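Heads up, the thing below is written out as structure tokens.
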Amino acid sequence: MHVFKHLAGVYAAAVTPLTQTDQFAPQDLPPLLAFLAQRGCHGALILGTTGEGPSFSIAERLAIYQAAILVRQEVPDFRLLAGTGTPSLEDTIHLTRAAFELGFDGVVVLPPYFYRKATLEGLYNWYAALIQRAVPAGGALLGYHIPSVSGVALPLELLARLQDAFPENFAGLKDSSSDPEHARQLGERFGDELLVFSGNDALLSHALDEHASGCITALANLASPDLRQVWDAHLAGISRQTAQARLIYQRKVLDHYPPAPPLIKALLARQHGFPEWSVRAPLLALALELAAQAALEMENFPLEMSGG
């Protein structure tokens, strides 16, 4: 059994609260994370893709990590993962060290995404240096596989090599490939020996059947009760068909309004009373009529899709 199995579960790729002048709103982040905990999330990823991580400076990221950790005052066992990946190894080392010093449970690290033709050997050297210089004993590092966005894939051979070299620190992968076959290959190759978190809500049941350890998703900001139902049902060995069908439907709605952060922020305000948070350029806020349309679509789950 993998040394980091205790980190398995349902995580939200949390949005980052911003004022209407696009500045971080630190007072709003702990309440958002507490809300996610109340709705079934085991934890959250801070400054992932949904959190607009690459849009913030190093200093801003550090301030956001510091605000996030305050959720522990209300929810002591809420798990926190930090998105720390940048194209710069030195910046990534700095952010990773800071996250662990603050008490984060782990980091989720994009590959250096400027040089898209980097070799497997080059990627290994980059991650190895990061682990050796920034990850403490017992600290968990997960790679972030989202090639459609980063342009840099994390091959199975790279994961295996990192696992062999750093078994006490290399925890696994956030798989945002949205590829059922990739989920199968990960399960076949690693079984329960690596943590694999699905990044696509629609594939959660499939991924769990292929030895995945849970999920880290954008939709968890809105649909964590269904995600948690699927997770709990999987552990109990019972059907989760209706909850999974709702997730498939809602994920289709989400994917119809890319990119995700503006939609999720608009729906958090409409459906749950959070402030109308802005997004950082180059993203644009969702038009009011589109937000209303998306909210209606999210709520109109066709009964015939439930499957009983």
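Points to keep in mind about this one:
- Residue tally, condition more than 18 Å from A220 (Cα to Cα), in contact with a strand residue (DSSP E or B) (Cβ under 9 Å, 6 or more places away or on another chain) and not hydrophobic (A, V, I, L, M, F, W, C), over the stretch 238-289: 2
- Scoring V152 on the criteria (1) touching a residue at least 40 places away in the same chain (Cβ under 8 Å); (2) out of contact with any strand residue (DSSP E or B) (no Cβ under 6 Å at 6 or more places or on another chain); (3) more than 29 Å from L263 (Cα to Cα) leaves a single failure, condition (3).
- A search for C-beta distances below 7 Å between a residue of the stretch 112-128 that is without any contact (Cβ under 8 Å) to a residue 40 or more places away in the chain and aliphatic (A, V, I, L, M) and any residue that is surrounded by 17 or more Cβ atoms within 10 Å (Cβ to Cβ) and in a loop (DSSP other than H, G, I, E, B), counting only pairs 6+ apart in sequence or on different chains, returns A118/P112; A118/V152; L123/P111.
- Spans of helices (runs of 4 or more DSSP H) in the stretch 222-308 with at least 3 residues farther than 25 Å from E52 by Cβ: 241-255
- Flag for N169 being touching a Leu at 6+ places or on another chain (Cβ under 8 Å), of a type in the set (S, T, N, Q) and farther than 21 Å from G199 by Cβ: yes
- For D105, the criteria (1) acidic (D, E); (2) over 19 Å from the mean Cα position of the chain (by Cα); (3) surrounded by 14 or more Cβ atoms within 10 Å (Cβ to Cβ); (4) within 27 Å of A183 (Cα to Cα) hold in every case but one, which is (2).
- Taking every residue in the stretch 56-75 that is within 17 Å of L33 (Cα to Cα) and free of Cβ contacts under 8 Å to residues at least 24 places away in the same chain and pairing it with any residue that is of a type in the set (D, E, K, R) and surrounded by 16 or more Cβ atoms within 10 Å (Cβ to Cβ), at least 6 positions away or on another chain, yields no pair with a Cβ-Cβ distance below 9 Å.
Every read-out reported here was derived from the displayed coordinates using simple, explicitly stated rules and does not represent laboratory data. The structure presented is a predicted model; accordingly, all values stated were derived computationally and were not measured. Here Cβ is always computed from backbone atoms with ideal geometry, including for glycine, and neighbour counts include all displayed protein chains.
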